[in-house]
Ligand SMILES: [Zn+2]
């Protein structure tokens with residue numbers, strides 16, 4: 001059921017990534033829009049377009065990434081940016097469809113999340129689809145922007161599509177992709193570090209919006225399956241499933257409750273209320289990227305930090321987790337041993353600020369090299 005579905009989805013994602021990695025390696029075009037891509041060799045007669053590429057993204061998460069990779073060489077419009085509408089049932093206006101139809105490149109999520117976007121694009125437009133890149137199908141968890149693999153795959157694919165549209169700017173796109181990837185790598189490193197320090201962390205969610213993110217951080221999903229499935233299918237939640245969930249929260253059998261504010265219902269309000277009474281931390285998240293963030297990375301980084309703080313208020317992301325994570329031993333005995341062997345003791349000594357202070361409060365490995373003030 002949901003479990004199988006997930007395993008399948010994850011495996012599909014991995015397989016597709018390997019496949020797309022091979023495609024990149026071979027220099028092939030990763031997009032699967034076979035209909036309108038220029039003929040590979042012979043047809044060079046179409047005059048090369050100049051000026052900013054008209055890019056229309058179905059959702060602002062991917063639109064933001066397109067802006068990061070495209071810079072001044074793209075003009076990006078995102079159709080769905082509001083965090084106040086039900087994204088899963090979003091119906092674009094006629095003007096949105098008109099905008100989509102004029103795009104040179106359409107950036108979509110896929111997996112049934114934004115079918116309207118791919119339907120409305122012009123036949124000579126290029127499609128960059130997250131679901132196609134990772135091999136997600138309709139029915140799989142569609143919140144792909146929260147998957148590190150999907151983000152990296154999309155960034156590469158966008159750079160590729162932009163380079164094909166404006167070959168003269170290829171170096172610019174490559175440069176931005178590299179800068180973006182460095183940021184993504186930092187984010188991945190922070191998530192991995194937290195995951196290592198908290199191997200037994202668990203969560204439940206009012207809707208499986210951050211499923212990939214939590215999976216990237218090795219959190220155990222303890223959301224009752226019946227509830228989860230009903231929500232994913234847009235169906236009625238059985239009272240028994242809701243009760244099971246409520247009991248789970250009341251018994252504090254989870255480290256954090258993730259609340260999708262964009263898909264709030266009476267049931268989700270009941271669950272967050274129960275969490276409040278039981279002192280279970282709640283982290284709010286939306287489907288679309290809120291206005292206040294400049295980039296997809298900024299948003300996800302902030303979200304992960306809120307999750308870190310909810311699970312472990314003592315955790316210091318910018319410093320030495322071996323030193324500042326008094327909860328680590330409670331998570332499992334293996335952990336303290338691990339910290340000693342591969343944690344601060346080695347990296348702190350060799351990579352630090354050169355003082356050789358490996359045991360003091362200064363981590364060095366992170367705080368020394370990167371902007372400690374953040
Ligand atoms: Zn959702």
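The numbers here are math on the coordinates, done by the rules we state, and not lab data. Here the structure is a predicted model, which is why all the values come from computation and not from measurement. Glycine gets a Cβ as well: all are built from the backbone with ideal geometry, and neighbour counts include every protein chain shown.
Here the range 111-188 is treated as a Stokes sphere of Kirkwood radius computed over C-alpha pairs; at 10 °C and 1.306 mPa s its diffusion coefficient rounds to 116 µm²/s. Per the Cα gyration tensor, the range 193-313 maps to an equivalent ellipsoid with semi-axes of 22, 17, 13 Å, ordered largest to smallest. Given Cα pairs under 8 Å that are at least 6 residues apart, what percent is the relative contact order of the range 130-181? Relative contact order of the range 130-181: 27 percent. A full extension of the chain between residue 186 and residue 124 corresponds to an added length of 18.6 nm, given 0.36 nm per residue minus the alpha carbon distance.
Restricting the calculation to alpha carbons of the range 225-291 gives Rg and Dmax of 11.9, 37 angstrom. With no solvent and one point per C-alpha, what does the Debye sum give as log10 I(q)/I(0) for the range 62-162 at q = 0.10, 0.12, 0.15, 0.16 Å⁻¹? Results for the range 62-162 at q = 0.10, 0.12, 0.15, 0.16 Å⁻¹ read -0.25, -0.36, -0.58, -0.66. A Förster radius of 51 Å combined with the Cβ-Cβ distance from residue 270 to residue 48 puts the calculated FRET efficiency at roughly 0.30. Sorting the segments 115-125, 198-208 by their mean number of nearby beta carbons within 10 angstrom, highest to lowest, gives 198-208, 115-125.
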